[in-house]
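Just below is one structure, and these are the notes that go with it.
Just so you know, all these numbers are worked out from the coordinates, no wet-lab data involved. Since we're looking at a predicted model, the values are computed, not measured. Backbone-built Cβ (ideal geometry, glycine too); neighbour counts: all protein chains shown.
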Amino acid sequence: MTFHVGLIGSGNISETHARAARAISGVEIAAVYGTNFEKVRRFCRDHGGTPFEDFSAFLTHRPMDLVIIGSPSGLHAAQGIAAAKQGLHVLTEKPIDISTRRADELIEAAGRARVKLGVIFQDRMKPHIRQLKDWIDRGVLGKPLLADARVKWYRPPEYYRNSRWRGTLRLDGGGALINQGIHTIDLLLWLLGDVSRVEAQTATELHAIEAEDTATAILKFASGALGLFHSTTAAYPGYPRRVEISGTEGTVILEHDQIIAADLRKAPDERAGIAPRDENPSASSAVVSDVRGHQAVIEDFLSAIQKNTVPACDGQEGRRSLALVEAIYRAARSPQRTAGV
Ligand SMILES: NC(=O)c1ccc[n+]([C@@H]2O[C@H](COP(=O)([O-])OP(=O)(O)OC[C@H]3O[C@@H](n4cnc5c(N)ncnc54)[C@H](O)[C@@H]3O)[C@@H](O)[C@H]2O)c1
């Protein structure tokens, strides 16, 4: 069977989507839609597919089985809903959109149209992170007590200056938290379960943007565990994301997407130490040149379509990080700096 993919967007991440999709046998780029038609045409020359500048015409192009959305974040739900109404499965980039209200509309539309909806959080597919999830689920860390997650990244001024949507409230929905930090928010929720309360502060001190370039939060997990979270795009020159999780049986430290320490009372049999390192320099760049994470997400999504199962990160799963991000923003705006999730 051949899967025919339609790409929405032809910018930075759509390049990753095209390369990841083309690395999978039985997948063809059928069509590409974007607002800059010259760029879309060039994109199709490189990766195949029919270029479109008219969104309605793109949506009725056939054969086409699914769309992968790589447009600005605030467009994901509206474009996903339009695609679902045409019977197309929808795999969207993170965040699912910039408000849970719109996320819910997309989830509902996909359900009504009986199409699959997936959200790209490729870190969930990384071997070491899956190893850590397995350890936590099997109780190897004991009862989780404390998570310390730091996303001290850097983006140069041009990253915002040359973009019509990054760092804007209308299309990015915020800054360093909803765009960069959300990957790690998603991981914390996936690894440790729901958060029930947050205390937070945000600031815009380095970049000339209307949203925050720095966010900090104290998290209270429903399990009773506590968490400390920072996310910034202002920490020159940018450092690998670091997550330290301590439980009653020991501590595991993740740097970027590698387990760099597993100090456990009882060493588990298996260690993911042999897994190849992801080569993306996320600490200092938005480019995802190592496409293996995205490839694994697309493979999982295609398998969900084929076997009629639930994708690894479906709409409800993808909504969780956005709900927590919204609560962090709410807390940061409130006089007491605190909010329920
Ligand atoms: N998973 C990841 O690691 C990762 C990495 C980078 C970006 N992203 C996500 O991908 C999305 C795009 O980010 P990017 O870095 O590729 O941005 P980008 O600015 O490089 O690309 C966005 C593209 O969307 C196009 N566009 C603008 N309006 C549009 C519309 N109405 N319809 C279709 N296309 C439109 C722009 O012309 C541009 O080509 C964001 O939601 C971002 O959060 C995810």
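Numerical summary
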quantity	calculated
Condition check for ALA20: without any contact (Cβ under 8 Å) to a residue 40 or more places away in the chain, buried (at least 23 other Cβ atoms within 10 Å of the Cβ) and either of a type outside the set (Phe, Trp, Tyr) or not in a helix (DSSP H, G or I) (or both)	no
Subset of region 7-28 (residues that are more than 10 Å from the ligand (Cβ to nearest atom) and touching a Ser or Thr at 6+ places or on another chain (Cβ under 9 Å))	ALA18, ARG19, GLY26, VAL27, GLU28
Subset of region 158-190 [basic (Lys, Arg) and part of a loop (DSSP other than H, G, I, E, B)]	ARG164, ARG166, ARG170
Residues satisfying the stated conditions in region 221-243, i.e. within 22 Å of the chain's Cα centre (by Cα) and in a strand (DSSP E or B)	PHE221, GLY227, LEU228, PHE229, HIS230, SER231, THR232, ALA234, ARG242, VAL243
Complete set of residues in region 220-239 that are crowded, with 20+ Cβ neighbours inside 10 Å and either touching a Cys at 6+ places or on another chain (Cβ under 6 Å) or within 20 Å of VAL140 (Cα to Cα) (or both)	PHE221, ALA225, GLY227
Complete set of residues in region 76-99 that are closer than 17 Å to GLU326 by Cα and buried (at least 19 other Cβ atoms within 10 Å of the Cβ)	HIS76, ALA77, LYS94, PRO95, ILE96, ASP97, ILE98
Candidates ARG150, ARG170 - the one that is within 26 Å of VAL287 (Cα to Cα), touching a residue at least 60 places away in the same chain (Cβ under 8 Å), surrounded by 16 or more Cβ atoms within 10 Å (Cβ to Cβ) and of a type outside the set (Asp, Glu)	ARG150
Unique residue being surrounded by fewer than 16 Cβ atoms within 10 Å (Cβ to Cβ) and farther than 24 Å from GLY11 by Cα when the list is ARG242, ARG265	ARG265
ALA31 crowded, with 19+ Cβ neighbours inside 10 Å and either under 23 Å from LEU302 (Cα atoms) or away from the ligand (no atom under 11 Å from the Cβ) (or both)	yes
Residue match in region 176-189 (condition: within 18 Å of the chain's Cα centre (by Cα) and of a type in the set (Ser, Thr, Tyr))	yes
